[in-house]
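Quick notes on the structure that follows.
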Amino acid sequence: LLLRWRRRRALWRKVAEAQERQERSLVRMEAAARRFREQHPSVSMVSILSLPLPELSKKLRDGSLPPDHVFYAYVGKALQIATETNCITEFLQESETQLRKTKLMEKQGLLYGVPVSIKDSIDCQGHDSTLGFIKNLNKPAAEDSVVVQVLKRQGAIPFVKTNVPQSLISYDCKNLIFGQTRNPLLYTRTPGGSSGGEGALVGGGGSILGIGTDVGGSLRFPAAFCGICAIKPTGNRLSKRGIMSGVVGQKAVAAAVGPLAKDVESLALCLRALLTEDMFSLDSSVPPLPFNEEVYSSTKPLRIGYYETDFFTMPSPAMRRAVRETKQLLEEAGHTLVPFELTNVDYVIFNYCVRGMFADGGNSFVKKFKGEMEKGGMGLFFWLAKTPHWLKTLLSWISKPFVRSISFYLSQRLWDSTSTPLTTSTFSPQDFCHQFTAQWKKLNLDVMLCPMLGPALGIGYPAKLSVAVSYTMLYNALDFPAGVVPVTLATDEDEEQLKGYKGYYQDWWDRTLVKAFRGSVGMPVAVQCVALPWQEELCLRFMKEVETL
């Protein structure tokens, strides 16, 4: 007991030191922003912050807007949003040095002088990538990740790192080190996760461009919950070298790196800047596919598949309305909308996603938490990984009438590393992907319009509602590019209709989900826009059409 007490005290000391560093970072930001304001009292910070990224970057490149004016405008705004939402974990102090170097650059990249926020799990030289784990504190990265290197070569200035949930396997944003991040639109709501710090900072206007990752919706949840745009590219379209993973080694659910911003044109500008020779030379595993301007700027009418539900997680009234209204606007604009029928989503989520991510019975994932003081809402996962199979079978039979998902978890041996490999199962992931793509091709579709979970859930609910990732994780399993665009706000009528929400299974999960949706009037609701693999430009073109309409 004494040894345990001493070890816990040492861990708390590390946490306290990290929190002090976080506080010092905010103090430095405040001092830097105040010093600039005192030296340049005539600079209009509000007018700078109101510029969309394409216009801002143009003014920076043509010299009509000095980089230091933009940088300190965003340092000041980021500090304000961090104070309100707890989204920033660290100010990258070397960004001020880089700002001075940027002014001397002979070749001005597409993101010249643009301040960019970076998710905690993306390596920045000299800074920790903690993933919310105490054991990862005081282990600064030896070099920048490839994405950060390319951003810098394009003239961008990474200036802060942002908060994440412990392990990244969550769509909330809380860890023992830095605490809970709140939604900038309503503090009682989660900002989403795992790129939750990015969602809060960009959504609150404290960053004009953020870089995050997505392994089940980790870019799309924060964007949808905070009322901004994001795109999850095909898994290998952007380099993942130098990016920490929540579940190391798994390949069943494709992770991806992508941007978050206020509008679609900003996402397109970011991908233009990243999909260059710099990226392809620094990481030869990334296919040399530069941004296809012709596809993005096309005005050809689209043939669009759509669905309102995946028949697994019943959509909220606002989700269903968002798809219907967007469909109608697209049809009125001359596009063709075709119903698409989803099948086997429950099977895919449990057998491919859950079982694929934890194919070793969850052993390597559980080991990540060894020595930690908190398990970040992952209690069910730990229990499943450690419980003997005979007990899981018994509990599956008992729980079936009450919580169908837990029953399925237990009965299908998803956590047994000795069970049948995915590749030899009767219905393999490749079979599902081929079946899905065949239906897509049969309907001659260009893109797909899909629901996106929303509006934002109350803080703490994502830990109880892991099944609600079904709308997003599907496209990680398929490895299709998918973006989100906010299209409406939750209304009083949506709230009223929630009284009749029962769910497809009418179990504990469905009853909890309806509670999580309540009290969201005025919160943004988004739709997902999906394209076939490697067609990010077409996905963005569709997102732009939805945004415009």
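The figures follow:
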quantity: Within-12-Å neighbourhood charge of Trp534 [Cβ basis; K, R +1; D, E -1]; calculated: -2
quantity: Percent of Cα pairs exceeding the 32 Å cut-off, where the set is the range 1-291; calculated: 19 percent
quantity: Extension gain, Leu329 back to Glu84 (0.36 nm per residue minus Cα-Cα distance, nm); calculated: 84.6 nm
quantity: Long-range HN-HN contacts of Thr162 with modeled amide H, under 5 Å; calculated: Thr89, Ile118, Lys119, Asp120
quantity: Neighbour net charge for Val338 - beta-carbon separation under 12 angstrom, K R +1, D E -1; calculated: 0
quantity: Check: the chain dipole with +1 on Lys, Arg Cβ and -1 on Asp, Glu Cβ, in debye; calculated: 1920 debye
quantity: Where only C-alpha atoms are counted, convex hull volume of the range 152-234 per residue in Å³; calculated: 100 Å³
quantity: Which label in (i) 1.01; (ii) 1.10; (iii) 0.96 gives the computed Rg/Rh (Cα atoms, Kirkwood Rh); calculated: (iii)
quantity: Calculated from backbone phi, Karplus (6.51, -1.76, 1.60) coupling profile of the range 511-523 in Hz, x at Gly/Pro; calculated: 5, 6, 4, 5, 5, 5, 6, 5, x, 10, 4, x, 7
quantity: Percent accessible area from carbon and sulfur atoms, the range 59-139, protein chains only, probe 1.4 Å; calculated: 48 percent
quantity: Distant-in-sequence amide H partners of Asp144 (H built 1.01 Å from N, under 5 Å); calculated: Gln125
quantity: Entries in Lys161/Lys262; Lys135/Lys367; Lys464/Lys502; Lys232/Lys367; Lys58/Lys107 that, when Cα-Cα distance is taken, lie over 20 Å; calculated: Lys232/Lys367
quantity: Unit charges on C-beta of K, R, D, E only; dipole of the range 136-198, Debye; calculated: 100 debye
quantity: Average Cα contact separation per residue, the chain, under 8 Å, 6 or more apart, as relative contact order %; calculated: 15 percent
quantity: Residue order for His40, His434 - accessible surface, 1.4 angstrom probe, largest first; calculated: His434, His40
quantity: Helix-only mean residue ellipticity at 222 nm for the chain, each DSSP H run of n ≥ 4 adding -39500 (n - 2.57), per residue, nearest 500; calculated: -12500 deg cm²/dmol
quantity: Amide H contacts of Val487 (H built 1.01 Å from N, under 5 Å, at least 5 apart or other chain); calculated: Val525, Ala526, Val527
quantity: Cβ-defined net charge surrounding Asp479, 14 Å radius [Lys, Arg +1; Asp, Glu -1]; calculated: +2
quantity: Listed residue (Tyr505, Trp534, Pro524) projecting farthest to the positive dipole end of the range 484-536, Cβ model; calculated: Tyr505
quantity: Gain in span if fully extended, Ser64 to Tyr307, counting 0.36 nm per residue against the direct Cα distance; calculated: 82.8 nm
quantity: At most 12 other Cβ within 10 Å, DSSP loop - chymotrypsin sites (Phe, Trp or Tyr not before Pro), the range 215-309; calculated: none
quantity: Whole-Hz ³J(HN,Hα) from phi, Karplus 6.51 cos²θ - 1.76 cosθ + 1.60, for the range 526-537, glycine and proline x; calculated: 10, 10, 9, 10, 10, 9, 6, x, 6, 10, 4, 5
quantity: Fraction of beta bridges assigned by DSSP in the chain that are antiparallel (%, nearest 5); calculated: 65 percent
quantity: Phi to ³J(HN,Hα) by Karplus 6.51 cos²θ - 1.76 cosθ + 1.60 over the range 26-35, Hz, x for Gly, Pro; calculated: 5, 5, 5, 4, 4, 5, 5, 5, 5, 4
quantity: Near-label residues of the range 182-220 by backbone N, under 20 Å of a point 7 Å along Cα→Cβ of Lys251; calculated: 214-216
quantity: DSSP-loop trypsin sites (Lys or Arg not before Pro) across the range 276-377, with at most 12 other Cβ within 10 angstrom; calculated: Lys370
quantity: With all protein chains modelled, accessible area of Phe221 [1.4 Å, Å²]; calculated: 0 Å²
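The values are calculated or read from the model by the stated rules, or taken from the named source; none is laboratory data. This is a predicted model, so every value here is computed, not measured. Every residue, glycine among them, receives a Cβ derived from its backbone with ideal geometry; neighbour counts consider all protein chains shown. These accessible areas exclude ligands, DNA and RNA; they are computed on the full protein's heavy atoms, side chains included. Shrake-Rupley method; radii C 1.70, N 1.55, O 1.52, S 1.80 Å.
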